[in-house]
1. Test of understanding: express the Cα radius of gyration of region A:19-71 as a ratio to 2.2 N^0.38 Å, with N the residue count.
2. Kindly list the residues of region C:94-116 that lie in the label zone of residue C:481, defined by a backbone N under 11 Å from the point 7 Å along the Cα-to-C-beta vector.
3. For residue A:454 and residue A:287, what does the FRET efficiency come to when R0 = 45 Å and r is the distance between their Cβ atoms, rounded to the nearest 0.05?
4. For every helix of n ≥ 4 consecutive DSSP H residues, a contribution of -39,500 (n - 2.57) applies; sum these over chain C, divide by its total residues, and give [θ] at 222 nm rounded to the nearest 500 deg cm²/dmol.
5. Can you list the HN-Hα couplings for region A:41-53, worked out from phi with the Karplus curve (6.51, -1.76, 1.60; θ = phi - 60°), rounded to whole Hz and with x for Gly and Pro?
6. Ignore the peptide's own chain and count Cβ atoms of other chains within 10 Å of each Cβ in C:321-329; give me the average, rounded.
7. Would you mind calculating the gained length between residue C:395 and residue C:236 on full extension (0.36 nm times residue separation, minus the Cα-Cα distance), in nm to one decimal?
8. Neighbouring Cβ atoms within 10 Å as the yardstick, rank C:106, A:115, C:439, A:419 fewest first.
Amino acid sequence: MLEELASTFPILTCILFLPVIGGVVLWLFDDEDMVRTSALTIALLELALSVFVLLRFIPESAAMQFSEHVPWIPALGVSYHLAVDGISVLFVGLTAFLAVLIIIYSWDTVRHQVKLYMMALLALETTTMGVFLSIDLILFFVFWELMLIPSYFLIKLWGGGAERHYAALKFVLYTLLGSVFMLVGIALLDINYHQWATLRHIEPTYSFDLLELLSVPIPLSKQILIFWLLFLGFAFKAPVFPFHTWLPDALLEGPIGMAVVLAGLKLGTFGFIRFSIPLLPDASKSQTVVTVIMTLGLAAILYGAIMALIQQDFRRLLAFSSISHLGFVVIGLFALNYQGLQGSLLTMINLGFSTAGLFFIAGFLYSRQQNTQLSSFGGMAKQTPLLASFFLFIGLASIGLPGTNGFVGEFLILLGTLKANWLYGGIAVTGVIFGAAYFLWYYERSMLGPLGKAVKESISDLHPREVLIAAALSVMILWIGLYPAPFLRMMNGSVQALVDRLERGTVASVESDQPVRVD
Amino acid sequence: MNLSAPDRLAARFQAAYRILLNKYYVDELYDLLWVEPTKKLGLLLDWFDRTVIDGLVHAVAQIAELFAAGSTWTEKHVIYGCVNVIGYGNHLAARQWRQLQSGMVHHYAAIIVAGLFLLAAIIQLIMQL
Amino acid sequence: MGDYALLYILFAPFAGAIALIFVSNRQAMLVRGIAAGAALVSLLVSLYLFFAYNHMKGGFQFVQRFEWSRQLGISLHLGVDGIGTPLVLASSILLFAGIFVSWHIKDRTKEFYIWLLILAAATIGVFMSLDLFFLFFFYEMSVIPMYLLLGMWGSHTKKYNEMTDPDGLKQRDSVGFIFNFGSNSKEYAAMKLVLFLSAFAIVALMGILLIYKYSGLNTFDILVLREQAKLMNIPVLGTTLDKIIWLLIFFGFASIAPLWPLHSWSPVGHAAAPAATSMLHAGVLMKLGHFSIIRVAFEILPETTRELMPIAAVLCMFSIVYGGFVEFYAKDTKYVIGYSSSSHMGYVFLGMAALDYISLTGAVMYMFAHAMATGMLFAMAGWVYDQTHSRDIPSLGGLSNRMPFISGCFVVACMASIGVPGTVNFIAEVMIIVGSWNKYPFQVIVAVVGIVLTLAYLFKMMRGLFYGPMDQKYSHAHDAVAVADRLPLLIMITVSIGFFFFPMHLYYVVRSGVDPLIAKITRVVPVASQERETLGVKREARADSSPQNLAALPGDVLPLTPYASRSDQ
């Protein structure tokens, strides 16, 4: 009885809409502390639901689980279809986890318009969840675009920099420009489905459902066109080099909470593994695509790392390190083998702990010195040992030190890439060295050595709330680093299915504009 | 001179001593060959990122602005101009023709007579056709 | 009331206008009450009409016919199909909202409402006319109140007599008159709008009269004409008559749409008009153009439509991009919204030009959606103007602290106008993209870039109005607090968002109107192979074209393994 109830309970819908409904409830409160407490309660509830999904998730399976399917615009084949599989399930947990930490962090760092801030944050959580949970492409696009609105206001109204208006508009325009092309790509997938379904008299004749779209063949020429259209959308968002210039601006000017979401949740690369690669396996395999994307990925690794090396501002450094890490994710994805895909997926999750963690550290630094310029730090380790230790630990995780989560992911990616092409793999390895260099150099200059001129004697160490954030992240980092099996088990089934799909291609791919009938 | 053995050795092989003291200059060599060029490259790339890549983005914005200026110019001079020139022409013509309304009876009578002749001419023309 | 629904909708505003004549201007609340009451009747019956329209049956419903002149073949023939129904609803929503938006008009309140009601009623009349004569009658009737509404209750940046060129010469006497752009008097705007639209209405009228004459059926009835009029292959002036008629009708009605380059009346007119008039004007009056093209050209000349509609496909690109660019430089709030409206009408033309089931349905839904979006924007621009007496974006700013409700609604309106998901505009946009790609991929790319432009200028305007530093002289500005002030915005937002979540009824209704039309246009074959086709072989409508089939959806039989292909199972 209870089991039955649990299986029909629309838990994903609850996860999806709990934050935004909670956000509306916040409207009723006037007291700021009340607002903070309720926001935290909602986020914790959300985390509990997500953990429940993670626990009930059947690992080693490629199936879409917790599927909820309600027709929305049946005539166009748009449906409200939510589900999780091995690819997306971990992101759900990660989003909920980070949301809790962001709210804890914002407890006393956000001082004006607290209610609106929390509402925007919760709305952002809903849209992010929507991106991870949607199986229908239009539904996915809905959340993808809606995310822009709270993001815009978060950067614009609560950003710390003087250029925040510029950064907010740049971010929104950049992302929108990519997404409108993605929308055309999605429309093309639908049109292709329509042509195929009309020929075979299958009802409904339109569909935006990922599972339906997977079942139809797409001619190679069309696949390549659609691939590049989708690529624009995902690459602008990721951001893949050379479409990255919004990222340093947005991260530097926006509030820390927003930066954690932007840098911690790799929506762009998630789009690749969720839609581009499975839907367009033949295009993804094609020589040009692989070469171009591998080149961009490698360029991003080296470019990001070298740029990070000389940055004076810690948040700008993190922005470029984030671009560098994304390069790893991208080459892992387009190695198109089991290790590469698995490593990329795991690295996306890892970055949610390590890069996001470093942004929290940046936030801690910011709330002490009102900026994150190198010149305001120096020798902080003596004054703030706790901050320095967590900084080092999370930083080492982002470098990929064995024993931390970063190592597992990066190792798998390098393995996969070397297997696919030793040259690419070889170049990627040098990126790891740079990665260590920029972090350690910055750490040395800011935390070690004599006390910096701008550092006051009275500077305080982490207070309990901050320790809680850093400790929670550290636990996750250690857990994945030392015992990644449960996480890998969750994604195994889906990754294996994806590899099979890549080998098989779409049902039949032909070099013509007319879809063939497959009987 | 009461030097200990190491000091004596150091004094004797000064060059070798300095090399050994500086660990064969490996760190300096490393700095020179590797670290400094990388930093330079980093600075170069930073310049590249700010001027070229971000410049391209701004160039797109500039081009959009340029199109905007061009469109607005067209709007003002072509689209509006074409419409308004009709109104203006009408206005000019009216300014001339209103002088016919002089208020003097004999002017009007002359116009009526002229009109009658014109009418008759037209009728005749039509009859001939 | 079922059968008489259209009469209620059409004549309730007229009745309200007549009743207002007998009320004194001193009883302001009574005046507003009567106007609101008349609009409410219209709105409620329109809602009934919208939900009672039987999309399974399709065709023209709620038909009413009154003979007017047997000799000339004119009758007041009313009826709505799937295309007219949502537009009637949009008109009455905007009328109702507009009455509340102009709640604070003090100057000659009674007369204002009379003309507003007549304007809306005439618009509604076009959407339900099945007779060319009355279609044109209502069309012209909607233009005349605009003159009075603009000229008397409008606002302007300069008085007519003060319009001078740099040399101090009266502008009307100088060549500078030709280039006056951006700063205009309301008299100029009113005159320009009415003359421009009337001139092009004459063009359309010539087309209508040519149809009347050459069909030889002695009737203006569209239902008869579309079945029996034989206008094809009559050589005239080196081309064929149908092409001439089509062009006359297309450009005659496209001027109000407004299609580039016939748009120059529209921003000026929007800028000068009072808020409620701008709402009705941009919201529904502009759609008269598209609607009349669909009703007259598509219905009566389907083959010519297929042949000549590429004209619209070319011009719509200019509409979209050009309008978007001009807005970057516009500094007047209403100019920005006005140009955005004419830019967005390009999407409707794109949807129409593709002549596809989905794209035309999308185009009609876009008209409905855009009515709400632009209505909101104009209502809010009007509110800001009422509070600050300024439409100049650079001099405004920081108003979000003074008017949080308005600035919140403005975000929603921007989203709707851009077509961000969350509003029905998005669905319409997707449909236009999906439907038009096969025929006009380049235009689709231009259109989606236009979306980015829209975001850029609307956000720029939003920032200019509501954020940044505020001038102290606006510290007296206040928010919309009263129910009467909030109601119109809330109605439009509800409709816009509501139809995003539940678009299916709207879709089916529109689709039932679009299906026969597109079937007729795409079924006809080129003249050369016409003989084979006309031998009683009626090509079957495609399987997907009837809404009945579309309603049926298979149960949840989706494969559980995501990457397994269908053939594996």
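A short reminder: the numbers here are calculations on the coordinates, not readings from a lab. Values in this document were obtained by computation on a predicted structure and should not be read as measured data. Because the Cβ atoms are built from the backbone with ideal geometry, glycine has one as well, and the counts that use them run over all protein chains shown.
1. Numbers: Rg = 15.8 Å, N = 53, 2.2 N^0.38 = 9.9 Å.
Region A:19-71 yields a ratio of 1.59.
2. none
3. 0.25
4. About -21000 deg cm²/dmol.
5. 4, 4, 5, 5, 4, 4, 4, 4, 4, 5, 5, 4, 4
6. Details: counts 2, 8, 2, 4, 11, 11, 3, 7, 8.
So the per-residue partner count for this stretch is 6.
7. On the way: separation 159, 0.36 × 159 = 57.24 nm, distance 5.68 nm.
The residue C:395-residue C:236 span can extend by a further 51.6 nm.
8. Details: C:106 8, A:115 20, C:439 17, A:419 14.
Ranked by crowding around the Cβ, least crowded first: C:106, A:419, C:439, A:115.
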